[in-house]
Amino acid sequence: MSDRRLLIVEDDAKFATALQRSFERKGYLVRRAGRVAEALEALEALKPGYAVVDLKLDGESGLACVQALHERDPSLQIVVLTGFASIATAVEAIKLGARHYLAKPSNTDDIEAAFAKDAGDVSAPIGARTTSIKTLEWERIHETLVETDFNISETARRLGMHRRTLARKLEKRRLK
């Protein structure tokens, strides 16, 4: 990797700092942003070759950030890193310009490997995957959260559950 400029778009300051320090130890020049507008400013100032984007940014969608970054610089290698992983958001992230999609926790080695992946893996196992009801529920909740731009009240309404019930479920599975 010759261009070692990296943009981290993450609203969790502690996690962003830890990630930044880890990448700086690997020789990267790193700039952080916590919101989409800040990320676009950093893109112009830093001209990074790589970006790590959190899916859920303090009231904003990381998918919108991926789209905006990709539109401005299609050569930018973007990896979405999230504690809210779902099939729906993974597919959308790739469609919008991300190179890869990783669930937290992931380390800098995982992220660098994702940047280096140029194509899909035809040797990936294909087969019936048994999925638990809890996993299906979790994926549906996160799919609906993305659809509603992470509005918990609207998500609960669409899922036909009480807002407090949804909030409790999200607290139990908090990954961030």
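Values in this text are rule-based calculations from the coordinates and carry no lab data. Because the structure is a prediction, the values reported are computed rather than measured. Cβ placement follows ideal geometry from the backbone for every residue including glycine, while neighbour counts extend to all protein chains displayed.
Within the shell of other residues whose beta carbon sits under 12 angstrom from the beta carbon of V9, the net charge comes to -4, with Lys and Arg scored +1 and Asp and Glu -1. Taking each of K26/K117; K134/K169; K47/K104 in turn, the alpha-carbon distance tops 22 angstrom for K47/K104.
A quarter of the convex hull surface defined by the alpha-carbon atoms of the stretch 1-83 gives 4.8 nm² as the mean projection. So what does log10 I(q)/I(0) come out to for the chain at q = 0.17 Å⁻¹, using the Debye formula with one equal point on every Cα and no solvent? Computed log10 I(q)/I(0) values: -1.07. Each peptide in 29-36, 147-154 was scored by the mean count of other Cβ atoms within 10 Å over its residues; highest first, the order is 29-36, 147-154. Each stretch of four or more DSSP H residues adds -39500 (n - 2.57); spread over every residue of the chain, this sum gives -14500 deg cm²/dmol at 222 nm.
Can you check what the net charge comes to around A33, using other residues whose Cβ is under 15 Å from the Cβ of A33 (Lys, Arg +1; Asp, Glu -1)? Computed value for this residue: -3.
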